[in-house]
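The values are calculated or read from the model by the stated rules, or taken from the named source; none is laboratory data. Small disclaimer: the values here were computed from a predicted structure and weren't measured. Cβ sites come from the backbone with ideal geometry, for glycine too, and all protein chains shown count toward neighbours. Keep in mind that these areas ignore ligands, DNA and RNA; they rest on the heavy atoms of the full protein, side chains included. Shrake-Rupley method; radii C 1.70, N 1.55, O 1.52, S 1.80 Å.
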2 protein chains.
Amino acid sequence: MTNAIQSMLNPASVAIIGASPDANKLNGRPFHFMRRDGYAGRLYPVNPRYEEIDGVRCYPDIDSLPEAPDMAIVAVSAARTVETVTALGKKGVPVAVIFSSGFGEMGPEGKALETELLETARAHGIRICGPNNLGLINGFEHVTATFSQYADTPPQPGPVAFASQSGAFGTGITSMARSRGIGFGYFVNTGNQIDISLMEVLEVALEDDRITVAAAYLEGLSDADALIRLADKAMAMGKPLIVAKVGRKGAGARAAASHTGSLAGEDEVFDGIARQHGIIRARNEEHMLDLVAAFIGTDAAKGRGIGILTQSGGAGALMADRAEELGYEVPLPSDETKSKLAEVIPAFGALGNPVDITGQFLAEPKILKDSVAHLLDDPAIDVAVVWLQLMHGYSDLLVDVFRDIRSRVTKPFVVCWIEPPERARLALTEMGICVISATERAVEAAGGLIDLGEARERCQNRPAFVATDLTQPESTRPVAAVEAHALLTAGGVPLVSCALAATPEEAAKTAETVGYPVALKIESPDIQHKFDVGGVALGLADADAVQTAAEQMLAQVSGTAPDAQIDGFLLQQMAPTATEMVIGMRRDPVFGPVVMVGLGGVLIEVLKDVAFARAPLSEADALLMLDRLRGRAMLDGVRGQSAVDRVAVARALVAVGEFALANPQVQELDLNPVFAGADGVVAVDWLMMAEAKEQG
Amino acid sequence: MTNAIQSMLNPASVAIIGASPDANKLNGRPFHFMRRDGYAGRLYPVNPRYEEIDGVRCYPDIDSLPEAPDMAIVAVSAARTVETVTALGKKGVPVAVIFSSGFGEMGPEGKALETELLETARAHGIRICGPNNLGLINGFEHVTATFSQYADTPPQPGPVAFASQSGAFGTGITSMARSRGIGFGYFVNTGNQIDISLMEVLEVALEDDRITVAAAYLEGLSDADALIRLADKAMAMGKPLIVAKVGRKGAGARAAASHTGSLAGEDEVFDGIARQHGIIRARNEEHMLDLVAAFIGTDAAKGRGIGILTQSGGAGALMADRAEELGYEVPLPSDETKSKLAEVIPAFGALGNPVDITGQFLAEPKILKDSVAHLLDDPAIDVAVVWLQLMHGYSDLLVDVFRDIRSRVTKPFVVCWIEPPERARLALTEMGICVISATERAVEAAGGLIDLGEARERCQNRPAFVATDLTQPESTRPVAAVEAHALLTAGGVPLVSCALAATPEEAAKTAETVGYPVALKIESPDIQHKFDVGGVALGLADADAVQTAAEQMLAQVSGTAPDAQIDGFLLQQMAPTATEMVIGMRRDPVFGPVVMVGLGGVLIEVLKDVAFARAPLSEADALLMLDRLRGRAMLDGVRGQSAVDRVAVARALVAVGEFALANPQVQELDLNPVFAGADGVVAVDWLMMAEAKEQG
């Protein structure tokens, strides 16, 4: 169906159903805009009330069109959309962009109309963008097929493809971009998104060689797989994908869900998966445009070191603060770099990081040129931020200076220019130099270049994407401990050794094979919380102790859980105490098989300090999960614990991911606690839930 | 010395030492600017090389001036500043603003020159602003006594007093403010700040009735008391004080320190004290100006509920996200509010929070007017954010709409307008309506109004400020447990009861008076970590157990710590286990007596999750400290613990603060652990360090 989207994005002919000659009306604007902008394709207004519009023949109905146009804009009332789509389908039009509102956003009746519309479209082999959208723009080919206010001024194309679920916010974002001199080659609003999704649109737009960056504004996410495919494709093409997604918190998620009717899924899970697949997430519209500005003309950074060069010590300190707050590094330059800087910087400057070059560079531009080059030559510096302000009398001089710097350096840099002369800002942006006009935001943009470089590195050997069945089973059952142990061990998930014994006597014998000291646990499909019923004994040192404990346990459990079916005694090796972690897996209704890791105790219970990735995950993905934990300092060893072998934990996470894919019947897995130490990692308790199949 | 600062901010006459006729030169700019802007006072250029400058008589030297001007600008070389200040002092000039650079920022020699300059000034009774500053502006009286690029265009005065340690950044900030239509009545750059501090300047500026908001950009803070006095004064006057302070992190602090040579102090301590005294902290220059924009014309909010009204569901969700992320509330409107909204909002809008009023309000402005009024009428809503974008054809209409809303509502609101028509933005700003052009930042501005309201509430019964001696004693000594116990108990700090016994036999008897079960601890000035030497026994149930444990302890400690002086046995009541907290006090070299609270365990050890306030603190201050803990959910009761009595904890913190003021000899106090539960709070271990005085 890609062809329909290609048709939509770059149509050789466009019909406008319900066209009006009034350029101020929703149904008059696209015709007016496309004529104004010089759209070179064939335009077919359709409206029985007009013979012609602005000198162009207007057709009374779809049937009478001289050809099946590549795309149709539908600007009729909601009630008439079904018949319109039927006629378009019969005519052979591959895609309809439906402006009409009065659908899902209106409640159940509108929702029913959406279903009817979609069924009609499917029946006639036509795809739908919308309804309730404000159209799309292909700035290169002047397809201004929209009624967005953004098009009140002719759009300037550029290397960015932007798709937005929100029309109004999308209009705001494109307009902000224009003010910054950033051109959007494509701007598509997918509206209620009953058929064509934002992800599909961007997949096709990315294939355009003129596009180097994709950006998306997402409200809901009903098809996580499509997003992951898009991300993997963008990564493979070397084109950054920036996503802003709302619904981070309760009220926002509630608002997004009520607004779009789509399920966004848990934000922490989305965040983990986005990061895993190299999506650069934007917090808001400004952050999105800052990242766009950084990515369109600047290479990704190859490391975490930010070099700060400033004419204000105060601004330098603020940038250093922000860089460290976000986890980037602000390394001191080497002695060699310092002595090179000392040769060019005035004595009242500062040679550390930030480097304060003072205002003297206006008199001697070489100060600025050389110091940026020297700083970026330093092996510890991977990206620079250069801060300046105003300088309205030196606009051209400074543009020349930055052009010169650009030609001299190979590492990326971002210009932070407070209240810049408009001319200089646009000239630099035109050159592909990123200009940000706020101090912390410039650091965040440089950080984006670091994140992008790391994502590229990490995604080099990404395991192939595995699409998954999102249907949830009707019911699940716990899997017996020994059975679960065998499955997990076969899958390479590290667990303490264990064995099942039927009687206290057998338990005493079996303990020998497990190895002392052992833990003894009652095994029953009916008992979830063994400890609460007296079903756990720890640290048993010999056969006598095991037998005695088992006998006592049986007696106690027959009192506390008289109806439970007892399958015997589980004997487990006692693992040496280490840092407590939790590893989990679940099949998320939005995201599919998801692996989770957290640190045990209050960190997970009180701070909900966990990280997610989707199966399959690479070792690099798993290490990233650990880096995302707020309490990650625990892994370096605190309170006398030795440092945790992070690679061993990462491998366990990878194994859990592979296990999830290999065992589709397993719905949920909870390894808690997992003991992680210098010598590796081992789960000492596990709960596995599998699909409960009807007995055959 | 306030008079000198008044003279500086509003001089009836100004001398410019080293004046030049060249309006492009540092030493020519202030004269040029003040003439251009219509400064009505007397201007005296001083330079032996000129007879007159631009028709104004130029004097050959300071002696020949016809009067002692209220203020002198010094624009001579660093080497000549001392003689210049001497001459100014002799002439009777109260204050000199010294532009000259080549001082502390140049290293030790420059530092020495600063000292000489300051001594000279003190000897001649003249105060100094700077050196190495770019001057000041009083926009009301056209005192454009600066060479800042900001003054390239005549400054527009307004209700804001802004002082900055950084000249370049200060220039950037004032210029950004101008672009937004925000006028600064005062802009003062204090530069190297060897004498007049930013805090003193703002104290005086606040007395001007035309000023309603103060803002400061701080790099270092050598005089925390001055900041607190300023904050208390601003609060008493009902004028918000916004402070941006760099040095939040290592690299930023390093940069700030090297740049200004002043000690900033630990950022977490600063943050706690700023919040305690009602300072609204800005993260960066944009945030500062957003807060300024909110505070100049809008009342503080009286509660935490943010109502969001939008024409874009997506933007609404983003705002709701941000509000909750920052800890504000986004309450659903009442049924009554909803039915009132339903009467005005189109059916395809949304009635929750966010309220989506759709784009229909352009055709029917009443939709916007009424819905803002209805939303703000809801008792759960304390401040509204109204989001819109572009609407370049409706500029005047929308200005009228917001004027109308303003006249109808009593609660505050913020307008978030993406890519607004410049004219509308300036018109609303002129009216004192806060317009922010970025979605999340608008929420942060509304949040600022909430923070300000809460700060005012909290500071109503602020304990009187107590200035403190910051000199640190040469050495400190641990205070014996029983002595410390007596002091703390007398001060109302809740500790478990305890008693000292000399021998094992006496211990057994004394335990009775303490109450079983007891804890037994060895008491020795030489043993800090009692547990490590076998000096702790817990949960002793009767006299026999106590005597046996004491005998064993004595034997063991004589082995593990043979040289320790043993003062006996400490008997302590065993407190029931509860949520573990830590309370501390120290005398900070920058901030004075500081009280700390944290949650025990990994939260404090790994996440450094602590909060600070300065003594004396109110109960409200102490409750705020608890609210600032990231792990505060622990206080609500987790893992089967009951909820903590927050007021009891707060009272203990207040008591520790009072104790610190009443006992200046106590340098440090560590209550760890403190058990906090539903029934109150009690410290079960304490370590007190006091000044070690020479034996008399």
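Residue check, A:Gly181 against (1) small (Gly, Ala, Ser); (2) open to solvent by less than 10 Å² (accessible area, probe 1.4 Å); (3) closer than 23 Å to A:Gly38 by Cβ, all met but one. Which one?
(2)
Might you let me know whether region B:123-135 holds any residue that is away from chain A (no Cβ under 14 Å) and farther than 22 Å from B:Val188 by Cα?
yes
When A:Pro11 is evaluated against the numbered criteria (1) modelled with pLDDT of 95 or more; (2) surrounded by fewer than 17 Cβ atoms within 10 Å (Cβ to Cβ); (3) in a loop (DSSP other than H, G, I, E, B), which criterion, by number, is the only one it fails?
Checking A:Pro11 against (1) modelled with pLDDT of 95 or more; (2) surrounded by fewer than 17 Cβ atoms within 10 Å (Cβ to Cβ); (3) in a loop (DSSP other than H, G, I, E, B), the one that fails is (2).
Right, B:Ser339: assigned to a helix (DSSP H, G or I), out of contact with any Leu (no Cβ under 7 Å at 6 or more places or on another chain) and hydroxyl-bearing (Ser, Thr, Tyr) or not?
Criteria met by B:Ser339.
Select, from A:Glu325, A:Glu343, A:Glu364, the only residue that is surrounded by fewer than 24 Cβ atoms within 10 Å (Cβ to Cβ) and under 33 Å from the mean Cα position of the chain (by Cα).
Working: A:Glu343 fails: under 33 Å from the mean Cα position of the chain (by Cα); A:Glu364 fails: under 33 Å from the mean Cα position of the chain (by Cα).
Among A:Glu325, A:Glu343, A:Glu364, only A:Glu325 is surrounded by fewer than 24 Cβ atoms within 10 Å (Cβ to Cβ) and under 33 Å from the mean Cα position of the chain (by Cα).
For region B:589-609, what are the residues that are open to solvent by 10 Å² or more (accessible area, probe 1.4 Å) and either within 11 Å of chain A (Cβ to nearest Cβ) or charged (D, E, K, R) (or both)?
Across region B:589-609, the qualifying residues are B:Gly600, B:Gly601, B:Val602, B:Ile604, B:Glu605, B:Val606, B:Leu607, B:Lys608.
Any residue that is closer than 24 Å to A:Cys434 by Cβ and hydrophobic (A, V, I, L, M, F, W, C) - is there at least one of those in region A:136-147?
yes
Among the residues of region B:361-386, what is the count of those that are in contact with a Leu (Cβ under 9 Å, 6 or more places away or on another chain) and over 24 Å from B:Asp321 (Cβ atoms)?
3
The rows are residues; the columns are (1) outside any helix (DSSP H, G or I); (2) buried (at least 23 other Cβ atoms within 10 Å of the Cβ).
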{"site": "B:Pro30", "(1), (2)": "no, yes"}
{"site": "B:Phe33", "(1), (2)": "no, yes"}
{"site": "B:Arg36", "(1), (2)": "no, no"}
{"site": "B:Tyr39", "(1), (2)": "yes, no"}
{"site": "B:Arg49", "(1), (2)": "yes, no"}
{"site": "B:Asp61", "(1), (2)": "yes, no"}
{"site": "B:Leu65", "(1), (2)": "yes, no"}
{"site": "B:Thr84", "(1), (2)": "no, yes"}
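Of (1) under 18 Å from B:Ile196 (Cβ atoms); (2) out of contact with any Asp or Glu (no Cβ under 7 Å at 6 or more places or on another chain); (3) surrounded by 24 or more Cβ atoms within 10 Å (Cβ to Cβ), B:Tyr150 satisfies all except one. Which?
Result: B:Tyr150 fails condition (1) only.
Mind checking whether some residue in region B:108-118 is of a type in the set (Gly, Ala, Ser), more than 25 Å from B:Ala424 (Cα to Cα), within 14 Å of chain A (Cβ to nearest Cβ) and open to solvent by 10 Å² or more (accessible area, probe 1.4 Å)?
For region B:108-118, residues of a type in the set (Gly, Ala, Ser), more than 25 Å from B:Ala424 (Cα to Cα), within 14 Å of chain A (Cβ to nearest Cβ) and open to solvent by 10 Å² or more (accessible area, probe 1.4 Å): absent.
Give the residues of region A:388-435 that are touching a residue at least 40 places away in the same chain (Cβ under 8 Å) and of a type in the set (Lys, Arg), sorted by residue number.
Scanning region A:388-435 gives A:Lys411, A:Arg425.
Inside region B:156-178, can you point out the residues that are open to solvent by 10 Å² or more (accessible area, probe 1.4 Å), in contact (Cβ under 8 Å) with a residue 40 or more places away in the chain and of a type in the set (S, T, N, Q)?
The one that is open to solvent by 10 Å² or more (accessible area, probe 1.4 Å), in contact (Cβ under 8 Å) with a residue 40 or more places away in the chain and of a type in the set (S, T, N, Q): B:Gln165.
Please work out if B:Val644 is without any contact (Cβ under 8 Å) to a residue 12 or more places away in the chain, in contact with a strand residue (DSSP E or B) (Cβ under 9 Å, 6 or more places away or on another chain) and either assigned by TED's automatic domain parsing to the domain that holds B:Glu325 or more than 16 Å from B:Val493 (Cβ to Cβ) (or both).
No, not satisfied.
Which of the residues that make up region B:149-170 are over 21 Å from B:Leu206 (Cβ atoms) and more than 9 Å from chain A (Cβ to nearest Cβ)?
Within region B:149-170, B:Ala151, B:Thr153, B:Pro154 meet the criteria.
Find all pairs meeting these conditions: Cβ atoms under 7 angstrom apart; at least six residues apart or on different chains; first residue within region B:94-114 and touching a residue at least 40 places away in the same chain (Cβ under 8 Å) and in the same structural domain as B:Gln165 (by TED's automatic domain parsing); second residue surrounded by fewer than 20 Cβ atoms within 10 Å (Cβ to Cβ) and of a type in the set (D, E, K, R).
B:Gly104/B:Lys111
Can you tell me which residue in region B:635-681 is most open to solvent (accessible area, probe 1.4 Å), limited to those that are within 14 Å of chain A (Cβ to nearest Cβ) and assigned to a helix (DSSP H, G or I)?
B:Asp636
If you check A:Val546 against the conditions, is it buried (at least 17 other Cβ atoms within 10 Å of the Cβ), in a loop (DSSP other than H, G, I, E, B) and out of contact with any Gly (no Cβ under 9 Å at 6 or more places or on another chain)?
No: the conditions fail for A:Val546.
Tell me yes or no: at least one residue of region A:203-222 is at pLDDT below 95 and more than 14 Å from chain B (Cβ to nearest Cβ).
yes
In region B:472-541, which strands (runs of 3 or more DSSP E) lie fully inside it and hold 2 or more residues that are in contact with a helix residue (DSSP H, G or I) (Cβ under 6 Å, 6 or more places away or on another chain)?
Values: elements: B:476-478, B:498-501, B:518-523, B:536-540.
Filter on region B:472-541 gives B:498-501, B:518-523, B:536-540.
Check every one of the strands (runs of 3 or more DSSP E) wholly within region B:354-464 and list those with 2 or more residues that are of a type outside the set (Val, Ile, Thr) and within 13 Å of chain A (Cβ to nearest Cβ). Please lay out each step first, then the result.
Working: elements: B:383-389, B:413-418, B:434-436.
The qualifying strands (runs of 3 or more DSSP E) are B:383-389, B:413-418.
Please find, among A:Asn24, A:Asn3, the residue that is part of a loop (DSSP other than H, G, I, E, B) and modelled with pLDDT under 95.
Working: A:Asn3 fails: part of a loop (DSSP other than H, G, I, E, B).
So the residue among A:Asn24, A:Asn3 that is part of a loop (DSSP other than H, G, I, E, B) and modelled with pLDDT under 95 is A:Asn24.
Can B:Asp378 be described as among the acidic types (Asp, Glu), modelled with pLDDT under 95 and within 29 Å of A:Met106 (Cα to Cα)?
It is false that B:Asp378 is among the acidic types (Asp, Glu), modelled with pLDDT under 95 and within 29 Å of A:Met106 (Cα to Cα).
Quick one: A:Asp290 ticks every box in (1) open to solvent by 10 Å² or more (accessible area, probe 1.4 Å); (2) touching a residue at least 60 places away in the same chain (Cβ under 8 Å); (3) outside the structural domain of A:Leu428 (by TED's automatic domain parsing) except a single one, so which number is it?
Looking at each condition in turn, A:Asp290 falls short on (1).
Taking region A:206-223, which residues are surrounded by fewer than 17 Cβ atoms within 10 Å (Cβ to Cβ) and among the hydroxyl-bearing types (Ser, Thr, Tyr)?
Listed by number, the list holds a single entry, A:Ser222.
Take B:Val479 and decide whether it is over 30 Å from B:Gly393 (Cβ atoms), surrounded by 20 or more Cβ atoms within 10 Å (Cβ to Cβ) and not hydroxyl-bearing (Ser, Thr, Tyr).
Spelling it out, B:Val479 is indeed over 30 Å from B:Gly393 (Cβ atoms), surrounded by 20 or more Cβ atoms within 10 Å (Cβ to Cβ) and not hydroxyl-bearing (Ser, Thr, Tyr).
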